[in-house]
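Peer 1: One structure follows; several queries about it will come next.
The values are calculated or read from the model by the stated rules, or taken from the named source; none is laboratory data. Quick caveat: nothing in here was measured; it's all calculated off a predicted structure. Note that each Cβ is placed from the backbone with ideal geometry, even for glycine, and that neighbours are counted across all protein chains shown.
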Amino acid sequence: MSPRKNRRTKSHPPKFIFVVGGVMSGVGKGITTSSIGLILQSRGYNVTAVKIDPYVNVDAGTMNPVEHGETFVMDDGLECDQDMGNYERFLNLDLTGTNYMTTGAVYQSVINQERNLEFGGKCVSVVPDIPNEVIRRIRKAQKINGADITVIEIGGTAGEYENLLFLEAVRMMKLETPEDIMTVLVSFLPIPSKIGEMKTKPTQHSARLLNSAGIQPDFIVGRSSRPLDDIRKQKLSVMCSVPRDHIISAPDVDSIYHIPINFEEDLFSTKILKKLDLRPRKKDLSDWESLVQKINASSKEVRIGVIGKYFNTGDFVLGDAYVSVLEAIKHAAYFYKTNPIIDWINSEELEDDETKLRELKQYDGIIIPGGFGSRGIEGKIQAIQFARENKIPYLGLCYGMQMAVVEFARNVVGLPKAHTTEIDAKTPDPVIDILADQKEKLAKKELGGTMRLGGYYCDISNKTLARKLYSKATVRERHRHRYEFNNEYRDMLVEHGLVISGMNTEQDLVEIIELSDHPFFIGTQFHPELISRPLDPHPLFKGFIRAATKK
Ligand code: GLN
């Protein structure tokens, strides 16, 4: 299924729903935003979603994935927050870079306008000029996407210094067109183990903090480990001045894909449409309902090992650094009514450890996702050799493809010192080398937003596994890299059995490699995980999971 195309209904002005967090981060604002978008889409409205990140970073490309989670890449090449991936997955839309902004990007454009004398000699002030730029960007995203309803997630939590100017934008927009603006507070209700009772006070405080920014929430989504009971709903209603039936209970669930269905049990879309004075069109959530049925019916198991380095954050393991990979595995597994069991394997621990490497045999499939730098690199190369020699299905994504080429050059072609120049600038056999136009950028230290980014076309060769899986001669996939397969080694590697199954013909760049004497061995220079959708799993992930279930 191809992504939906938005076309706006002109019978009403565009509507804007702001989603703001309370109490603490990590309670699922992104998924709430995506789910609100989805349930409104299911009522026949064209929806788009915008994320506002309070960071001063101009985009998410310069943020460490361990701290911030995965860097998601849009088709137009903008590097942004992982929530953009959630929006695209839930709404089945290809969004644009216009749908994302940071404090840094907003200030940068205001300062550029000032330098160009666009303020006509006036003093440029934090308020209203910064919120005005935020509003301009939100309205532009609405227009470009042709949206009836734009759902905007404001990063951070109410009461933080960092997102105050964004709340100012909400307040100012509400002043302009009060009937078209709505705010949802997504808040957390703790159940302290020694007390054993759900507490509403932190959420009451969050609502007051929003009030002090001039905003009255219209709905409260109460996140907790258990559903909110009537007593809690009543209390929140009175203390936060929100109608009782506008308090939506959002307990923890096994799969994020259940959340829109739970919202609809509370008639959330009907209540929102009423609040925004929009017609309650007939609902069609059937695709989503069958997805959830498939998830519930998944009984078989498939064991996938994901080998990387971005896992340790103190005592916690952060799957967030690879969230799109994780979701793409799930989409393909659910398609085959299979439950994926995913283990995170730290590549550093595999290095020169025969016993640890042999443990990889327990996996039905191995994935090495994108990465940068030298830490754990030899562990990755050894794991690829193990997967190749032991016929374990292997999918290499970007760095995982580059390392598969290095492994092949070293152990099959017989070039023991082969490497990527990212790690060994002086290697005698640079099978992976920097892209010509990237050399200059590195030398000038122009590092932010300068990789090969976003969607490019790739031609798929006949009679290859990639062609069989895509069943298409040309595909478009998203990229984020500076290094590339070195064409000077192409003939040599091909003579030894490496199959080049995907090429970008415009730039003469190798995009997909595979092995034919293996149940499944594919490496992609691009990131297929970024365009996998729950209702439309990615063909390469489908092929990988299918091979894994057969192992
Ligand atoms: N570090 C590699 C490069 O820059 C791979 C990047 C990635 O895996 N996203 O080309």
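Peer 1: Does the stretch 64-75 include one or more residues that are farther than 17 Å from Ala321 by Cα and under 14 Å from the mean Cα position of the chain (by Cα)?
Peer 2: yes
Peer 1: If we scan the stretch 76-92, do we find a residue that is modelled with pLDDT of 95 or more, buried (at least 22 other Cβ atoms within 10 Å of the Cβ) and among the basic types (Lys, Arg)?
Peer 2: Checked against the condition, which is being modelled with pLDDT of 95 or more, buried (at least 22 other Cβ atoms within 10 Å of the Cβ) and among the basic types (Lys, Arg), the stretch 76-92 yields at least one hit.
Peer 1: Looking for something touching a residue at least 12 places away in the same chain (Cβ under 8 Å), hydroxyl-bearing (Ser, Thr, Tyr) and more than 20 Å from Thr157 (Cβ to Cβ) - is there at least one such residue anywhere in the stretch 69-81?
Peer 2: Yes: the stretch 69-81 contains one or more residues that are touching a residue at least 12 places away in the same chain (Cβ under 8 Å), hydroxyl-bearing (Ser, Thr, Tyr) and more than 20 Å from Thr157 (Cβ to Cβ).
Peer 1: Could you count how many residues in the stretch 107-146 are under 30 Å from the mean Cα position of the chain (by Cα) and outside any helix (DSSP H, G or I)?
Peer 2: Total satisfying the criteria: 2.
Peer 1: Which residues, taken from the stretch 328-352, are over 15 Å from Pro369 (Cα atoms), out of contact with any strand residue (DSSP E or B) (no Cβ under 9 Å at 6 or more places or on another chain) and in a helix (DSSP H, G or I)?
Peer 2: Phe335, Glu349 - these are the residues of the stretch 328-352 that are over 15 Å from Pro369 (Cα atoms), out of contact with any strand residue (DSSP E or B) (no Cβ under 9 Å at 6 or more places or on another chain) and in a helix (DSSP H, G or I).
Peer 1: Follow-up question, since we're still on this one. Quick check on the stretch 466-474. Is at least one of its residues closer than 28 Å to Gly376 by Cβ, away from the ligand (no atom under 16 Å from the Cβ) and surrounded by 20 or more Cβ atoms within 10 Å (Cβ to Cβ)?
Peer 2: Yes - at least one qualifying residue is present in the stretch 466-474.
Peer 1: So in the stretch 386-399, with the set limited to residues that are in a helix (DSSP H, G or I) and over 18 Å from Asp424 (Cβ atoms), which one is nearest to the ligand (Cβ to nearest atom)?
Peer 2: Across the stretch 386-399, the extreme among qualifying residues is Ala387.
Peer 1: Now, a different point. Which one of Glu153, Glu160 is under 16 Å from Gly22 (Cβ atoms), in contact (Cβ under 8 Å) with a residue 24 or more places away in the chain, among the charged types (D, E, K, R) and touching a strand residue (DSSP E or B) at 6+ places or on another chain (Cβ under 7 Å)?
Peer 2: Of Glu153, Glu160, the one residue that is under 16 Å from Gly22 (Cβ atoms), in contact (Cβ under 8 Å) with a residue 24 or more places away in the chain, among the charged types (D, E, K, R) and touching a strand residue (DSSP E or B) at 6+ places or on another chain (Cβ under 7 Å) is Glu153.
Peer 1: If you don't mind, another one. Could you name every one of the strands (runs of 3 or more DSSP E) located completely within the stretch 496-551 that has at least 1 residues being of a type in the set (Phe, Trp, Tyr) and closer than 22 Å to Gly371 by Cβ?
Peer 2: 521-524
Peer 1: Let me ask something else. I'm checking my understanding of the structure. Among residues of the stretch 353-375 that are surrounded by fewer than 19 Cβ atoms within 10 Å (Cβ to Cβ) and outside any helix (DSSP H, G or I), which one is farthest from the ligand (Cβ to nearest atom)?
Peer 2: Asp353
Peer 1: Check Lys445, Lys463 and return the single one that is exposed (fewer than 13 other Cβ atoms within 10 Å of the Cβ), away from the ligand (no atom under 16 Å from the Cβ) and either over 22 Å from the mean Cα position of the chain (by Cα) or in a strand (DSSP E or B) (or both).
Peer 2: Testing whether each residue is exposed (fewer than 13 other Cβ atoms within 10 Å of the Cβ), away from the ligand (no atom under 16 Å from the Cβ) and either over 22 Å from the mean Cα position of the chain (by Cα) or in a strand (DSSP E or B) (or both) leaves just Lys463.
Peer 1: Would you please list the contacts, defined by Cβ atoms under 9 Å and residues six or more apart or on different chains, that run from a residue in the stretch 416-433 that is under 12 Å from Asn487 (Cα atoms) and modelled with pLDDT under 95 to a residue that is within 16 Å of the ligand (Cβ to nearest atom) and part of a strand (DSSP E or B)?
Peer 2: The qualifying pairs do not exist here.
Peer 1: Do we find that Leu493 is aliphatic (A, V, I, L, M), in contact (Cβ under 8 Å) with a residue 60 or more places away in the chain and not in a helix (DSSP H, G or I) in this structure?
Peer 2: no
Peer 1: Another one. Looking at the structure I just gave you, is Ile191 in a helix (DSSP H, G or I) and either surrounded by fewer than 18 Cβ atoms within 10 Å (Cβ to Cβ) or in contact with a Leu (Cβ under 6 Å, 6 or more places away or on another chain) (or both)?
Peer 2: no
Peer 1: Which one of these is outside any loop (DSSP other than H, G, I, E, B) and crowded, with 24+ Cβ neighbours inside 10 Å: Val66, Val50?
Peer 2: Val50
Peer 1: Against the condition within 14 Å of the ligand (Cβ to nearest atom), among the charged types (D, E, K, R) and over 25 Å from the mean Cα position of the chain (by Cα), how does Asp429 come out, does it pass?
Peer 2: So Asp429 fails the test.
Peer 1: Also, quick follow-up: Can you give me the number of residues within the stretch 203-232 that are assigned to a helix (DSSP H, G or I) and under 29 Å from the mean Cα position of the chain (by Cα)?
Peer 2: Selection size over the stretch 203-232: 4.
Conditions (1) within 15 Å of the ligand (Cβ to nearest atom); (2) closer than 24 Å to Phe526 by Cβ, marked per residue:
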site	(1), (2)
Gly379	no, yes
Thr421	yes, yes
Ala425	yes, no
Ala436	yes, yes
Lys441	yes, yes
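Peer 1: Can you name every residue in the stretch 75-106 that is in a loop (DSSP other than H, G, I, E, B) and among the small types (Gly, Ala, Ser)?
Peer 2: Gly77
Peer 1: Hey, another quick one. Within the stretch 401-411, is even one residue in contact with a helix residue (DSSP H, G or I) (Cβ under 8 Å, 6 or more places away or on another chain), within 13 Å of the ligand (Cβ to nearest atom), under 30 Å from Ile531 (Cβ atoms) and among the small types (Gly, Ala, Ser)?
Peer 2: Yes; the residues of the stretch 401-411 include at least one that is in contact with a helix residue (DSSP H, G or I) (Cβ under 8 Å, 6 or more places away or on another chain), within 13 Å of the ligand (Cβ to nearest atom), under 30 Å from Ile531 (Cβ atoms) and among the small types (Gly, Ala, Ser).
Peer 1: Next question. If a residue must be touching a strand residue (DSSP E or B) at 6+ places or on another chain (Cβ under 7 Å) and outside any strand (DSSP E or B), how many such residues does the stretch 409-428 contain?
Peer 2: The number of residues fulfilling the criteria is 5.
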